[in-house]
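Participant: Would you mind keeping the following structure in view while I ask a few things?
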Amino acid sequence: MERPKEEHSTSDKIIIGITGASGAIYGIRALEVLRGIRSIETHLIISSAGKQTIELETDWSVSDVEALAEFAYDQSDIAAAFASGSYKVKGMLIAPCSIKTLSAIANSFDSTLIARTADVQLKERRSLVMLIRETPLHRGHLRLMDLAAKNGAVIMPASPGFYGLPKTIEELVDSVIGRALALLGVETTIYPRWKGT
């Protein structure tokens, strides 16, 4: 992809990973929201299973999803710049995050660009938000989440809030993505904040 004309600081780069778990719309919506923020430069990795899920669950084509990001990478491109800790970024959101990807990250099994990039965020003490979309969970899943959390990852189940009285699926998605982006230090107005009773 063509390099953007506007230079971004290292703190303005966010990596989005889309894996094969159900809920590809979460990653797509994150890209849409970030595209509207001029100060943010997005880098996208979609796993092969993630590409299948996009086509199965949404009306989006993979190429149109990739076009939402300023840079898109192949899952096998482990030589990408941000696969090194010396390339500074604000953080990473994996939305949705499959249990397979969770397992790779929790065990530092860096055989894909998504797992390697996530591992880099953890070792460099940068933000990594993992939007887990599996349910129900067995003990092995919980153990993996515990391992990842102990290494510094934020484990965020894709659980929408209902206190804002959502009326559409889009509002439910926004309630999750708005909070996920806030964990990366990106504040938006796409979801309602709880103000008490």
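The values are calculated or read from the model by the stated rules, or taken from the named source; none is laboratory data. These numbers were taken from a predicted model, which means no experiment stands behind them. So basically every Cβ, Gly included, is an ideal-geometry build from the backbone, and we count neighbours across all protein chains shown.
Participant: Take the stretch 35-58 and flag every residue that is among the charged types (D, E, K, R), over 19 Å from Ile99 (Cα atoms) and outside any strand (DSSP E or B). It would help to see each step written out before you state the result.
Facilitator: Of the stretch 35-58, the ones among the charged types (D, E, K, R) are 35, 38, 41, 51, 55, 57.
Then drop every residue that is not over 19 Å from Ile99 (Cα atoms), which leaves 35, 38, 41, 55.
Result: Arg35, Arg38, Glu55.
Participant: Just one of Ala79, Ala104 is under 22 Å from Leu144 (Cα atoms) and among the small types (Gly, Ala, Ser); which is it?
Facilitator: Ala104
Participant: Shifting gears a bit: Can you tell me which residue within the stretch 62-97, out of those that are assigned to a loop (DSSP other than H, G, I, E, B), out of contact with any Ser or Thr (no Cβ under 9 Å at 6 or more places or on another chain) and farther than 12 Å from Ile46 by Cα, is modelled with the lowest pLDDT?
Facilitator: At the first step, the residues of the stretch 62-97 found to be assigned to a loop (DSSP other than H, G, I, E, B) are 69-70, 75-80, 84-90.
Pick out the ones that are also out of contact with any Ser or Thr (no Cβ under 9 Å at 6 or more places or on another chain) and you get 77, 79, 84-86.
Now narrow it down to the ones that are farther than 12 Å from Ile46 by Cα: 79, 84-86.
On the way: Ala79: 89, Ser84: 93, Gly85: 92, Ser86: 93.
My answer is Ala79.
Participant: Given the conditions (1) of a type in the set (Gly, Ala, Ser); (2) over 21 Å from Thr112 (Cα atoms); (3) modelled with pLDDT of 95 or more, report the number of the one that Ser9 does not fulfil.
Facilitator: (3)
Participant: Would you mention how many residues in the stretch 145-159 are in a loop (DSSP other than H, G, I, E, B) and either crowded, with 18+ Cβ neighbours inside 10 Å or of a type in the set (Lys, Arg) (or both)?
Facilitator: Just the residues of the stretch 145-159 that are in a loop (DSSP other than H, G, I, E, B), to begin with: 151-153, 158-159.
Okay, now just the ones that are also either crowded, with 18+ Cβ neighbours inside 10 Å or of a type in the set (Lys, Arg) (or both), so 153, 158.
Residues in the stretch 145-159 being in a loop (DSSP other than H, G, I, E, B) and either crowded, with 18+ Cβ neighbours inside 10 Å or of a type in the set (Lys, Arg) (or both): 2 in total.
Participant: Somewhere in the stretch 181-191, is a residue touching a Ser or Thr at 6+ places or on another chain (Cβ under 8 Å), part of a loop (DSSP other than H, G, I, E, B), modelled with pLDDT under 95 and among the aromatic types (Phe, Trp, Tyr)?
Facilitator: yes
Participant: Could you list all residues from the stretch 133-144 that are in a loop (DSSP other than H, G, I, E, B) and in contact with a helix residue (DSSP H, G or I) (Cβ under 7 Å, 6 or more places away or on another chain)?
Facilitator: Glu134
Participant: Just checking, which of Pro136, Pro96 is free of Cβ contacts under 8 Å to residues at least 40 places away in the same chain, under 25 Å from Ser159 (Cα atoms) and not β-branched (Val, Ile, Thr)?
Facilitator: It is Pro136.
Participant: Next up: Contact list please: Cβ distance under 6 Å, first residue in the stretch 140-157 and touching a residue at least 24 places away in the same chain (Cβ under 8 Å), second residue exposed (fewer than 13 other Cβ atoms within 10 Å of the Cβ) and β-branched (Val, Ile, Thr), pairs at least six apart or on different chains.
Facilitator: Within 6 Å, no pair qualifies.
Participant: Just give me the residues in the stretch 112-126 being touching a strand residue (DSSP E or B) at 6+ places or on another chain (Cβ under 6 Å) and small (Gly, Ala, Ser), in sequence order.
Facilitator: Ala118
Participant: Specify the residue that is surrounded by the most Cβ atoms within 10 Å (Cβ to Cβ); the eligible residues are those in the stretch 184-197 that are free of Cβ contacts under 8 Å to residues at least 60 places away in the same chain and of a type outside the set (D, E, K, R).
Facilitator: Tyr191
Participant: Residues in the stretch 127-144 that are basic (Lys, Arg) and surrounded by fewer than 18 Cβ atoms within 10 Å (Cβ to Cβ): how many?
Facilitator: 2
Participant: Oh, and also: In the stretch 121-144, which residue that is under 16 Å from the mean Cα position of the chain (by Cα) and over 26 Å from Ala81 (Cβ atoms) is modelled with the highest pLDDT?
Facilitator: Ile132
Participant: Is at least one residue of the stretch 90-98 out of contact with any strand residue (DSSP E or B) (no Cβ under 7 Å at 6 or more places or on another chain) and crowded, with 22+ Cβ neighbours inside 10 Å? Steps first, answer last, please.
Facilitator: Looking only at the stretch 90-98, we keep the residues that are out of contact with any strand residue (DSSP E or B) (no Cβ under 7 Å at 6 or more places or on another chain), and these are 98.
This time we only want the ones that are crowded, with 22+ Cβ neighbours inside 10 Å, so: 98.
There is at least one residue in the stretch 90-98 that is out of contact with any strand residue (DSSP E or B) (no Cβ under 7 Å at 6 or more places or on another chain) and crowded, with 22+ Cβ neighbours inside 10 Å.
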